[in-house]
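This report refers to the structure that appears directly beneath it.
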Amino acid sequence: MHDFWLYREPEQVADKLIEYHQNWYEWNGSPFQQMWIRNYLSYYSPVIHPDGKNTSMIFEGVQGELLRFYSPKARTLIRQLTAVVTKQRLAFKAMANTTGDEVLNEVKLGNALADQIVSTQRLNIKGDELCEGSLVTGAWFTKATWRTDIGEPHVTDEDGRVIRKGACEITTHSPFNVFYDLMQPWDDLSWAEVRVKRNKWDLIADHPELEKQIMSLPTVADEKGPYSWVESKLSDNDCVYVYEFYHRISSALPKGMMMIYSDHETIFYHGDNPYETIPIEPNIPEAVLGTGMGYAKLTDLAACQEMFDNSLSSIATNQSQFAVQGVAVPRGSAINVQELNGMRFMNYTPQNVPGGGVPTPLQLTKTPPEVFKFTDKLEALMQDLSYLNGAMTGNLPAGVSSGTAIATLSANSIEFITSISKSYNLCWEKTMGHAINAYKKFAKLPQTVDLVGKGGQVTKQEFKSKDVYNISEMKLETVNPLMKTFAGRLEIGEKLLTMPKEIWPEYVSVLEGRPLSEVYRGELSEFDLITQENEAMQKGQIVPVLAIDDHAEHIKRHADVLKDIGNRLKGETIQIILDHIMEHYRLLKLSDPALAAIIQTGRIPEGGLQPMGAGPMGPMGPMGPMGPGAGADPMGPGDNVDQPGQGPDRPQRPEVVGDVAEPTEDLLMRG
């Protein structure tokens, strides 16, 4: 047997992982781990640093004469970024990998189940934490796993304990509680581990054979870590840490591995990984190339925030110490200072000072203007680095008032924020996929989901794992980020009012991200058809002509083939192409203009449709003439059309069968 550490006994595997945890918490070993702590403390510095309950400021120096002033500008920008990214409520669409008759029911059930998970698990609130945490530390994580101790009650056992049906639980986690190989991109990882809090009394109830070991575990309040500033008396001494280890299916571990433990003596589960994958997903908006670490947006703002605080502290110290008017009073001036209450007086001996014994005000509160300009510069720099401009924060630049200008500024800002949204959306899509996978694996007992009808009626439906088995993935339904801002909606509304109503759907669909190729799909399909027809006719194949073709476009592009000398030397090919062109021309003459307009626009032309037989061409069928005289030649001698050939031996046109006509005219004989 190879000495792969995961082949060892469970106790030895647990010891190996616990050793890895110790290395993880050696913060001085990695600049990125130091960044987690630094940013975390900085983000909450207005709460952590004040010394007491009476003030939010910090007084330093020998006699408290220096004032430390914290202004959470960077934190405000991070919160605004979070609000923009998470403004849209989470809504998912199920994708099924089957074409059977039940696919619609499965997709409908999957959509309802996703909506129920979003509601019961409060994912919109957790989404704020997921986004905000990733901007502060560079990475934040979700976990979607099955819990047998939650969900709807099923039965009550003989001891009075309620046995529940189980449900999927989705939680979010900081990088302080997720362990993995930082030097590998997340998608390349073989395993990952997450630390969660569990009530020890619940653990004892579920695992009575481990009661002694569980009772000996250190509580959460006893642990050291990034949350050590929290008063231990406020922590729940009944909670202990439990580690959940997941190894995906691989060649070395064909069934994967899952282990739930607290230490090497307290192992709750060790065996195959029923999820078959790692049910943990990262939200890393800006990955460090080639690694599993993230670059935090707050890092860009941290240095500016510190200088901003220092500048404000200098101004605040000056104002706090010298805001009361100071007066310099010459000794021997016989001025009674009691007549000027509420001021500070300083006595001095004048040395040939102009004014002699006149008291002089001291302008000690005057701060150099460069200090204020520097704070303005720092504030503007932080706003630029955060991707948020004045249109997004509500502080419009001078001279910007029109909706177009505001929408343009918003759109520019959103373009950069989209990179953050992509990671956020992908994380939720994969997380919801893990949740549905959990129901596939573990929902053996009937589960209940609410189905909402079009009229808002709610009906309850039971399902089991087999009913969602064919759901392959979950897609997050998104809207154009510009539609998340009032200025963007105003701009789009104003543009729609200037457009013809019939093109509104295409315009809005493009804004929502619809590919332009789909908007022009009809035109592109027609062009592809013409190209295929040209290739077929050059091979000597006869191609049918339909009355619904865009005859003018076909005639033009078919004629382009004959502009090549090689094709002109092929007599049979020329005849086929010319016959085909002439048939297009004949059907064009027969076409109903209303039908042509409907084919081109998809809409009934203004004025409506004329009754059958009311047109100048006589009674018409949908693909050609109908009724008596339908066989008359529409391009006969009475028409002002050049006739190909002369005399009775001229080739005759074929009959039109439905919407198909065979080529006939030999245009080489045209005189």
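Descriptive notes on the structure:
- Computed with a 1.4 Å probe on the full set of protein chains, the accessible area for E19 sits at about 110 Å².
- Local electrostatic count, K143, Cβ distance below 12 Å [Lys/Arg +1, Asp/Glu -1]: 0
- Using a cutoff of 8 angstrom between alpha carbon atoms and counting only pairs six or more residues apart, the relative contact order for the stretch 97-183 works out to 24 percent.
- Ignoring lysines fewer than eight residues from K108 along the same chain, the ones with Cα atoms less than 18 angstrom from its Cα are K93, K440, K454, K460, K464, K466, K475.
- Rg/Rh ratio calculated on Cα atoms of the stretch 64-170 (Kirkwood radius): 1.19
- Other-chain or far-sequence residues with amide H under 5 Å of R68's (modelled H): I58, F59, E60
- Förster radius 30 Å - calculated FRET efficiency between V288 and D15 (Cβ-Cβ, nearest 0.05): 0.50
- Distant-in-sequence amide contacts of A91, defined by a placed amide H-H separation under 5 Å and a gap of 5 or more residues or a different chain, comprise E477.
- Environment charge at L217 (Cβ cut-off 12 Å; Lys +1, Arg +1, Asp -1, Glu -1): -2
- Modelled spin labels at T478 and S119, positioned 7 Å past Cα toward Cβ, are 2.6 nm from each other.
- Computed from label points 7 Å out along Cα-Cβ, the spacing between D376 and E276 is 6.3 nm.
- Lys/Arg +1, Asp/Glu -1 at C-beta; the stretch 41-146 dipole; positive extreme among L90, P50, G127: P50
- For the stretch 253-309: relative contact order, % (alpha-carbon pairs under 8 angstrom, 6 or more apart): 20 percent
- If R0 is taken as 51 Å, the Cβ-Cβ distance between R161 and A536 corresponds to a FRET efficiency of 0.10.
- 30 Å Cα-Cα reach of K539 towards lysines, excluding residues that sit fewer than 8 places from it in its own chain: K556, K563, K570, K589
- Computed E for E129/Y7 - FRET, C-beta separation, R0 45 angstrom, nearest 0.05: 0.75
- Residues in the stretch 560-568 carry Karplus couplings, in order, of 4, 5, 7, 7, 9, 5, x, 6, 5 Hz; the curve used is 6.51 cos²θ - 1.76 cosθ + 1.60 with θ = phi - 60°, and Gly or Pro positions show x.
- Neighbourhood net charge (12 Å Cβ-Cβ; Lys/Arg +1, Asp/Glu -1) for K377: -3
The values are calculated or read from the model by the stated rules, or taken from the named source; none is laboratory data. Keep in mind it's a predicted model, so treat the numbers as computed, not measured. Cβ coordinates were reconstructed from backbone atoms using ideal geometry, including for glycine residues, and neighbour counts include every protein chain displayed. Please note that ligands, DNA and RNA were not included when accessible areas were found on the heavy atoms of the full protein model with its side chains. Shrake-Rupley method; radii C 1.70, N 1.55, O 1.52, S 1.80 Å.
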